[in-house]
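Working notes for the structure below.
The values are calculated or read from the model by the stated rules, or taken from the named source; none is laboratory data. This is a predicted model, so every value here is computed, not measured. Glycine gets a Cβ as well: all are built from the backbone with ideal geometry, and neighbour counts include every protein chain shown.
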Amino acid sequence: MKVVSVLCICGLLLLAAPLAIAAEPQSAPAVSWSSLSAEQRQLLADFESRWSQLPPQRQRSLARGSQRWLSMPPEQRQQAGERFKRWKSLDADQRKVLRERYRQFKQLPEGEQARIRKNFRQFQSLTPEQRRELRQRFRDLPPRERQRLRERLRR
């Protein structure tokens, strides 16, 4: 379950990265629809009819996110699209849990966040069969052993 939690946190981190940009002052100017590039307007076409009603902060966030998307290589876009589809497939309670885990993750010291990211990258490098085997081995451990392993991994 710990591995799944870490996977969920990391997935949410990747999904929420464009939204996790440092807060800007509310008085910053709005982004006009015409100031967006043609590619951005095409990408954000669903927002066109209500663009002027969006708060300036949301406009800036969407503009930055669309620019980031457009600058991604095709493989990275595909991966991000898949993560977004998985996010959309979650029910409200699952999203709430992930948001809370993300909030908790962001409150961890930078070194702890780096350790979790490193462990996640190592987990990702495993084959699907190795991942299943690792998850099953963890599930099969007695509760006391699982706790000892968790404590050892925290160091």
Go through the range 115-155 and count every residue that is under 30 Å from Gln79 (Cα atoms), loosely packed, with under 10 Cβ neighbours inside 10 Å and at pLDDT below 90. 1
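I'd like to check something: does the range 115-122 contain any residue that is over 30 Å from Ser37 (Cβ atoms), aromatic (Phe, Trp, Tyr) and in contact with a Leu (Cβ under 9 Å, 6 or more places away or on another chain)? If you could, list the steps in order and put the result at the bottom.
Here is the first cut: in the range 115-122, the residues over 30 Å from Ser37 (Cβ atoms) are 115-122.
Next, only the ones that are aromatic (Phe, Trp, Tyr) stay: 120.
From what is left, the residues that are in contact with a Leu (Cβ under 9 Å, 6 or more places away or on another chain) are 120.
Yes, the range 115-122 has at least one match.
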Does Lys106 satisfy the condition of being farther than 21 Å from Trp87 by Cβ and not aromatic (Phe, Trp, Tyr)? no
For Gly65, state whether it is surrounded by 15 or more Cβ atoms within 10 Å (Cβ to Cβ) and under 15 Å from the mean Cα position of the chain (by Cα). yes
Quickly run through the range 26-44 and pick out the residues that are in a helix (DSSP H, G or I) and surrounded by fewer than 14 Cβ atoms within 10 Å (Cβ to Cβ). Ser34, Ser35, Ala38, Glu39, Gln42
Report yes if Arg101 is surrounded by 12 or more Cβ atoms within 10 Å (Cβ to Cβ) and either in contact with a Ser or Thr (Cβ under 7 Å, 6 or more places away or on another chain) or more than 30 Å from Ala30 (Cα to Cα) (or both), otherwise no. yes
Apart from one, (1) modelled with pLDDT of 95 or more; (2) among the charged types (D, E, K, R); (3) closer than 30 Å to Leu149 by Cβ all hold for Arg50; the odd one out is (3)
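Which one of Arg86, Arg68, Arg58, Arg50 is touching a residue at least 12 places away in the same chain (Cβ under 8 Å), out of contact with any strand residue (DSSP E or B) (no Cβ under 9 Å at 6 or more places or on another chain), within 25 Å of Ala28 (Cβ to Cβ) and not small (Gly, Ala, Ser)?
Arg68
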Looking only at residues in the range 98-116 that are touching a residue at least 40 places away in the same chain (Cβ under 8 Å) and aliphatic (A, V, I, L, M), which one is farthest from Glu151 (Cα to Cα)? Leu98
